[in-house]
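Student: Structure incoming, see below.
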Amino acid sequence: MRDLVEIGMGRTARRTYELGDVDIVPSRRTRSSKEVSTAWQIDAYRFDIPVLAHPTDALVSPTFAIELGKAGGLGVINGEGLWGRHADVDAVVSRLAEVASTDPRAAVRYLQELHAAPLQGDLLAAAVAQVRDAGVTTAVRVSPQNARSLTPELVKAGIDLLVVQGTIISAEHVAHGEDEPLNLKTFISELDVPVIAGGVSDHRTALHLMRTGAAGVIVGFGSTKQATTTSSSLGIGIPMATAIADAAAARRDYLDETGGRYVHVLADGDIETAGDLAKAIACGADAVVLGAPLALAEEAAGRGWYWPSVAGHPSMPRGAAVRIAQDGRPGLGRVLFGPSDDPSGSLNLVGGLRRSMAKAGYSDLKEFQKVGLSVRG
């Protein structure tokens with residue numbers, strides 16, 4: 001039963017939980033972390049680690065997508081970002097870093113200016129081709145508003161997975177001036193590539209998206225304590241522990257409803273450390289989408305700076321460019337697999353997950369979703 005509290009006369013609200021409010025409870029059995037598997041598979045694509053990169057230009061260049069792919073994860077290119085709008089992205093990122101170091105609001109204005117440039121199909125196709133030719137899974141993100149117009153060219157360019165992602169998404173997107181709304185069920189059924197869609201925050205919306213035929217559903221909108229301002233800008237926040245558990249329940253209901261079709265749940269928000277990653281899986285996620293934690297890596301496109309993909313919105317930016325790391329950043333391999341000299345869990349993210357699974361006695365991700373949880377008082 002949902003835990004409802006009265007916040008005023010005639011007005012109730014649901015009590016919800018963040019990842020920081022819950023803890024993993026080990027069972028009576030432990031095992032060696034060497035005997036733990038972090039592999040998972042969505043549609044025909046198998047990955048060694050349950051890590052996707054948030055589709056922001058601060059992280060995912062074609063080079064970064066290739067390196068993360070070789071490490072066993074998935075880098076998602078922002079199909080409406082800088083790689084499809086500017087020929088020399090390294091130069092504009094360098095300029096952004098200079099501006100952000102002196103005036104954060106000027107950096108937002110510069111991002112808006114950069115995103116006002118027209119999309120160039122040949123630039124985006126070249127970025128996709130670079131990743132595809134490296135032999136790793138190729139994924140691109142589009143917004144619900146532009147999914148219909150951009151997807152045909154992306155499919156032609158050879159993407160493996162399409163990510164339809166907004167701050168909040170529904171099964172039917174209505175936009176003023178369009179002849180008809182984007183119906184995700186019809187849209188997905190007409191595609192030859194699997195679709196991941198999100199973000200969602202509750203059981204009902206997650207179930208609706210699963211019924212569209214999506215292969216995966218994203219929970220959250222990439223929130224980070226440092227860079228995302230959706231809560232202060234729109235008043236919308238997602239308590240990730242509750243939201244992941246709700247989506248996992250929707251996955252179970254949909255599995256029963258369809259007689260066996262499994263839709264993956266991907267957690268995208270408030271995951272900053274290895275412990276957060278482990279708790280997201282324990283709450284029911286199949287994989288996580290990481291933003292700021294991967295910006296530590298030397299290979300990240302932002303050169304130590306991070307901003308979410310919504311930071312360049314033309315009228316309502318919901319993020320800022322923040323400095324995540326100085327010079328001497330660790331390589332992506334160390335961020336993911338260690339060794340670590342940071343006791344807070346910002347390095348060796350996958351290693352931390354493996355140890356958490358091992359200490360709780362579970363050998364794979366699906367089993368670990370059944371681990372006991374406790375709520376802090």
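The values are calculated or read from the model by the stated rules, or taken from the named source; none is laboratory data. Computed from a predicted structure; not experimentally measured. Cβ atoms come from the backbone with ideal geometry, glycine included; neighbour counts cover every protein chain shown. The area values use the complete protein model at the heavy-atom level, side chains included, leaving out ligands, DNA and RNA. Shrake-Rupley method; radii C 1.70, N 1.55, O 1.52, S 1.80 Å.
Student: Counting only other residues whose beta carbon sits under 11 Å from that of PRO317, what net charge do I get with K and R as +1, D and E as -1?
Tutor: My count for the surroundings of PRO317 gives +3.
Student: Please calculate how many Å² of accessible area the chain carries per residue, with a 1.4 Å probe and no DNA, RNA or ligand atoms counted.
Tutor: It amounts to 44 Å² per residue over the chain.
Student: Could I ask something else about it? Label region 234-346 by shape, choosing from rounded, prolate and oblate, from the square roots a ≥ b ≥ c of the eigenvalues of the Cα gyration tensor; if a/c is under 1.5 it is rounded, and otherwise prolate applies when a/b is larger than b/c, oblate when it is not.
Tutor: Judged from the Cα gyration tensor, region 234-346 comes out oblate (a/c at least 1.5, b/c at or above a/b).
Student: Distance check, please: which entries in LYS34/LYS279; LYS185/LYS279; LYS70/LYS279; LYS70/LYS370 exceed 27 angstrom between their Cα atoms?
Tutor: LYS185/LYS279; LYS70/LYS370
Student: Then there is this: Could you tell me which residue out of PRO181, ALA360, TYR254 lies farthest along the dipole of region 4-375 toward its positive end? Charges go on the beta carbon: Lys and Arg +1, Asp and Glu -1, centred on the Cα centre.
Tutor: The Cα lying farthest towards the positive end belongs to ALA360.
Student: Where Lys and Arg each count +1 and Asp and Glu each count -1, what net charge lies around GLU257 among other residues with Cβ under 11 Å from its Cβ?
Tutor: Value of the local net charge: +2.
Student: Ok, one more. Let me know the longest stretch in the chain that avoids all trypsin sites (Lys or Arg not before Pro) found in a DSSP loop with at most 14 other C-beta atoms within 10 Å.
Tutor: 32-224
Student: Quick one: Karplus J couplings for region 327-336, per residue in order, coefficients 6.51, -1.76, 1.60, θ = phi - 60°, nearest Hz, x for Gly and Pro?
Tutor: 5, x, 6, x, x, 4, x, 6, 4, 7
Student: Could you give the dipole magnitude of the chain about its Cα centre, charging the beta-carbon of Lys and Arg +1 and that of Asp and Glu -1, in debye to the nearest 20?
Tutor: I would put it at about 1060 debye.
Student: Once both labels are modelled 7 Å past Cα along the beta-carbon direction, what's the LYS156-ARG31 spacing in nm?
Tutor: It works out to 4.9 nm between the two label points.
Student: Using a Gaussian network model on the chain with a 10 Å cutoff between Cα atoms, which of GLY20, GLY259, GLY352 fluctuates the most?
Tutor: GLY259
Student: Based on the Cα coordinates of region 59-136, what is the per residue volume of their convex hull in Å³?
Tutor: About 84 Å³ per residue, rounded to a whole number.
Student: Give me the Kirkwood hydrodynamic radius of region 106-166, using the inverse of the mean 1/r over all pairs of distinct Cα atoms, in Å to one decimal.
Tutor: Kirkwood radius, region 106-166: 12.7 Å.
Student: When only alpha-carbon atoms count, how far does the chain stretch along each of its three principal axes, as whole angstroms with the largest first?
Tutor: Dimensions of the chain along the principal axes of its Cα atoms: 56, 51, 47 Å.
Student: Using the Cα gyration tensor of region 7-143, with a ≥ b ≥ c the square roots of its eigenvalues, what is the shape: rounded (a/c below 1.5), prolate (a/b larger than b/c) or oblate (neither)?
Tutor: Oblate, since a/c reaches 1.5 and b/c is not below a/b.
Student: Mind listing the long-range amide H neighbours of SER37? Cut-off is under 5 Å, sequence gap 5 or more, other chains count too, H placed in the peptide plane at 1.01 Å from N.
Tutor: ASP364
Student: Tell me, what is the percent relative contact order of region 4-375, built from C-alpha pairs under 8 Å that lie six or more residues apart?
Tutor: Here the relative contact order equals 23 percent.
Student: Excluding ALA116 itself, what net charge comes from residues whose Cβ is under 13 Å from its Cβ, given Lys and Arg +1 and Asp and Glu -1?
Tutor: 0
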